1. In the range A:3-48, how many are open to solvent by 30 Å² or more (accessible area, probe 1.4 Å) and touching an Asp or Glu at 6+ places or on another chain (Cβ under 6 Å)?
2. Would the range A:101-110 turn up any residue that is under 30 Å from B:Leu16 (Cα atoms), at the interface with chain B (Cβ under 8 Å from one of its Cβ atoms), open to solvent by 40 Å² or more (accessible area, probe 1.4 Å) and in contact (Cβ under 8 Å) with a residue 24 or more places away in the chain?
3. Picking from A:Ala148, A:Ala138, which residue would you name as being more than 7 Å from chain B (Cβ to nearest Cβ), modelled with pLDDT of 90 or more and farther than 22 Å from B:Leu156 by Cα?
4. The conditions are (1) of a type in the set (D, E, K, R); (2) outside the structural domain of A:Val203 (by TED's automatic domain parsing); (3) touching a residue at least 24 places away in the same chain (Cβ under 8 Å); (4) surrounded by fewer than 21 Cβ atoms within 10 Å (Cβ to Cβ), and A:Arg94 fails exactly one of them. Which is it?
5. Residues of the range A:49-62 being surrounded by fewer than 15 Cβ atoms within 10 Å (Cβ to Cβ) and in contact (Cβ under 8 Å) with a residue 12 or more places away in the chain, which ones?
6. Considering only the range A:1-119, give the helices (runs of 4 or more DSSP H) lying wholly within it that have at least 3 residues that are under 26 Å from the mean Cα position of the chain (by Cα), within 16 Å of DNA strand D (Cβ to nearest atom) and modelled with pLDDT of 90 or more.
7. Every residue in the range A:120-151 that is in contact with a Leu (Cβ under 8 Å, 6 or more places away or on another chain) and over 19 Å from A:Gly175 (Cβ atoms), please.
8. Filter the range A:123-134 down to the residues that are at the interface with another protein chain (Cβ under 7 Å from one of its Cβ atoms), open to solvent by 20 Å² or more (accessible area, probe 1.4 Å) and either of a type in the set (Gly, Ala, Ser) or over 20 Å from the mean Cα position of the chain (by Cα) (or both) and list them by number.
Protein chains: 2
Amino acid sequence: MAKRRKVGNLLALALLSLLSQQPMYPYEMAQTLKARGKDNSIKINWGSLYTVVQNLEKYGFIEVDSTEREGRQPERTTYRITEAGQAELRDWMRDLLSVPGEEASGFAAALSEAGGMHPDEIVELLTTRLTRLDAVNAAEQAGLKALAERLPRLFLIESEYQLAMRIAEAGWVRGLISEIVTGTLSGVDAWRKFRDTGEVPDVLRHLLDEEAKGRWDEAGM
Amino acid sequence: MAKRRKVGNLLALALLSLLSQQPMYPYEMAQTLKARGKDNSIKINWGSLYTVVQNLEKYGFIEVDSTEREGRQPERTTYRITEAGQAELRDWMRDLLSVPGEEASGFAAALSEAGGMHPDEIVELLTTRLTRLDAVNAAEQAGLKALAERLPRLFLIESEYQLAMRIAEAGWVRGLISEIVTGTLSGVDAWRKFRDTGEVPDVLRHLLDEEAKGRWDEAGM
DNA sequence: AGCCGATTACTCGTAGACGAGTATACGCCG
DNA sequence: CGGCGTATACTCGTCTACGAGTAATCGGCT
């Protein structure tokens, strides 16, 4: 599951999908993606675009359909998808849809280092995040509503998904803030003391000892 | 906000955080991260490790503390964090915690291409995802519970976060499946028809026309 | 008629990510 | 006490991502 792809960039997925509908040349692909608003979910990078197209060709997922020049413009190479490309697209989609996980989040990484900062500062930062999340979500919700009048929702599920996730995140952050503030989160008291006075809590000393003996992984997480 | 970092790899964040506690040599950093179970949230890659350390040094965030050799082993270079490094760590943390978004998800990308597959297949795949999500979540929940008995929750927030997000995702997926099955999701009927009979729905034809004229972005999403 | 800015379409160079490979030392089993 | 598996500590080379730069054409305005 979630196996390594020969061409792993998500932009490649979008391109394969595009070419499965009709042949195109690279620049046209980028334009079409932009026109369809896909540049929200996938960043279109000129550098990547041509590398990805090249690699897709290298591995036989797409092939040259024709090359022509209009006037004296630089040559336009039109590509079409191959059988192998169709298969790859299909397989990749199945994989992405059916296998959860894998995404590394900066926020999660930062959370796991949060012990290095003062609780009050964390609360302040999280509050800022929450405000921004709420703002973005409200805007997005309004945007979605507007679009929903002209488009079947089918075309908007991916935005709905992202919105749902961000709403969930907002909820979680709200909860965390209140847990830190009220002290419900076990460990904050010692943490705050440590950050304020420099006094190393027993728990921490304990943990460091255990770590030295490499006992952490025993719980099998 | 969310500005470009001189050293952008999340591994660098972990390393800075580690070195802000005490000087270490690269291999030791990797060991410590593993011992602390951080290899769940951040993948530790030998190749990346040394590149990142090198870059951190290049930009003055860390500096050589000492180099020694025990016996005839390869030289061990111990690094310590600099003032600039402390500042970078702090600033980066503030950024990661207070600014939401930015994470590109493969699932979202796949969702936005879902129109290219048959609804029944999508439902099948989503159901698989749901099963897996539920399984992973149950396991994680159990694991967390076990750990919570020995560790203050403070050390587990990042796992709690990831769990919360995956639970939210499961909920959303469950909803989507039922919306597709029952046909509540506007557009599925036409979609299914199209996939079954090849008959191009009016809506789609309409959209393609508009796209040609570049009207998509007007809603300002 | 001709100039300017936007659009089209790509090229190239660099920096980063990553994995496979390497080389030494240490423990321990027979 | 010799050999071998494992842990230690990196090195190297490839492949990918990306952004800045380029060069031609087109439309419109003076």
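1. 1
2. Within the range A:101-110, the first condition is being under 30 Å from B:Leu16 (Cα atoms), and the residues that meet it are A:101-110.
Now restrict to residues that are at the interface with chain B (Cβ under 8 Å from one of its Cβ atoms): A:101-110.
From what is left, the residues that are open to solvent by 40 Å² or more (accessible area, probe 1.4 Å) are A:102-104.
When the remaining residues are screened for being in contact (Cβ under 8 Å) with a residue 24 or more places away in the chain, the result is A:102.
Within the range A:101-110, one or more residues are under 30 Å from B:Leu16 (Cα atoms), at the interface with chain B (Cβ under 8 Å from one of its Cβ atoms), open to solvent by 40 Å² or more (accessible area, probe 1.4 Å) and in contact (Cβ under 8 Å) with a residue 24 or more places away in the chain.
3. On the way: A:Ala148 fails: modelled with pLDDT of 90 or more.
It is A:Ala138.
4. The single condition A:Arg94 does not satisfy is (3).
5. Of all residues in the range A:49-62, those surrounded by fewer than 15 Cβ atoms within 10 Å (Cβ to Cβ) come to A:50, A:54, A:58, A:60.
Listed by number, the residues that qualify are A:Tyr50, A:Gly60.
6. Details: elements: A:10-19, A:26-35, A:46-58, A:83-98, A:106-111.
Hits in the range A:1-119: A:10-19, A:26-35, A:46-58, A:83-98.
7. Selection gives A:Glu140, A:Gln141, A:Leu144, A:Leu147, A:Ala148, A:Leu151.
8. Of the residues in the range A:123-134, the ones at the interface with another protein chain (Cβ under 7 Å from one of its Cβ atoms) are A:125-126, A:128-129, A:132-133.
With open to solvent by 20 Å² or more (accessible area, probe 1.4 Å) added as a condition, the list becomes A:128, A:132.
A:Thr128 - this is the single residue of the range A:123-134 that is at the interface with another protein chain (Cβ under 7 Å from one of its Cβ atoms), open to solvent by 20 Å² or more (accessible area, probe 1.4 Å) and either of a type in the set (Gly, Ala, Ser) or over 20 Å from the mean Cα position of the chain (by Cα) (or both).
The values are calculated or read from the model by the stated rules, or taken from the named source; none is laboratory data. Values in this document were obtained by computation on a predicted structure and should not be read as measured data. Counting neighbours? That spans all protein chains shown, and the Cβs are built from the backbone with ideal geometry, glycine included. SASA here: full protein model, heavy atoms, side chains in, ligands and nucleic acids out. Shrake-Rupley method; radii C 1.70, N 1.55, O 1.52, S 1.80 Å.
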